[in-house]
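First the structure, in the form of C-alpha cells, and then the observations on it.
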Amino acid sequence: WTDNVLVPYIMRIKKDLALPLTQRAILLIDSWSVHQSEDYHNWMKDKHTLIKIGYIPAGCTGKIQPANIGLQHVIKHNIRTQCLEFLATSAENDIKLGQNLSNISLPDNLEQLQNENAKWITNMY
C-alpha cells in the first residue's frame with residue numbers, strides 16, 4: 001500500500017502544488033501494534049525517508065476519520081462476517097469428514113485467503 005498507493009499519491013500532490021520533491025509528508029495511522037513495530041519503523045526509515053509517521057490515539061479514529069465509522073465500518077463488518085463464516089464452514093466440513101477435533105486447523109494458505117478476500121469484497125459491494 002505504501003509503495004503502490006501512498007507514495008504515488010504524495011508525488012502527485014507535490015507536483016500539483018509545485019512543492020519540491022524533497023518536501024516531507026506526514027502519515028497519520030492507527031496505533032496498531034504492527035504500525036508501531038520496530039520492523040515497520042526500520043522499513044519506513046530506510047525506504048521512505050520523507051514520510052514522517054504520526055499515530056492516531058486509540059479510540060480516536062472516529063473523531064479524526066469520521067468516514068471510518070460511517071462508511072468503512074459497515075464494509076469492514078460485512079467482510080469480517082464473511083471471513084468468520086468461511087472459517088467456521090471450513091472447520092465444520094473437517095468435522096463432517098470425521099477428522100479428530102484436535103487435528104482441525106483453520107485455512108492459512110495465503111493464496112486461498114487472498115482469493116476468498118477478493119470474493120468477500122466483491123460480495124460486499
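The values are calculated or read from the model by the stated rules, or taken from the named source; none is laboratory data. As the structure is a computational prediction, the values presented were derived from the model and not from experiment. Positions of Cβ are generated from backbone atoms using ideal geometry, with glycine treated the same way; all protein chains shown enter the neighbour counts. Quick note on the areas: whole protein, heavy atoms, side chains included, nothing else; ligands and nucleic acids left out. Shrake-Rupley method; radii C 1.70, N 1.55, O 1.52, S 1.80 Å.
So here's what we get for this one:
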item: Residue check, ILE10 part of a helix (DSSP H, G or I) and under 16 Å from the mean Cα position of the chain (by Cα); result: no
item: Test for ASP39: is it assigned to a helix (DSSP H, G or I) and among the acidic types (Asp, Glu); result: yes
item: Count of the stretch 25-53 residues which are surrounded by 11 or more Cβ atoms within 10 Å (Cβ to Cβ), farther than 22 Å from GLN65 by Cα and not polar (S, T, N, Q); result: 8
item: The stretch 26-36, subset within 17 Å of the chain's Cα centre (by Cα) and assigned to a strand (DSSP E or B), residue modelled with the highest pLDDT; result: LEU27
item: From ILE69, ILE75, ILE95, residue being of a type in the set (A, V, I, L, M) and open to solvent by less than 70 Å² (accessible area, probe 1.4 Å); result: ILE75
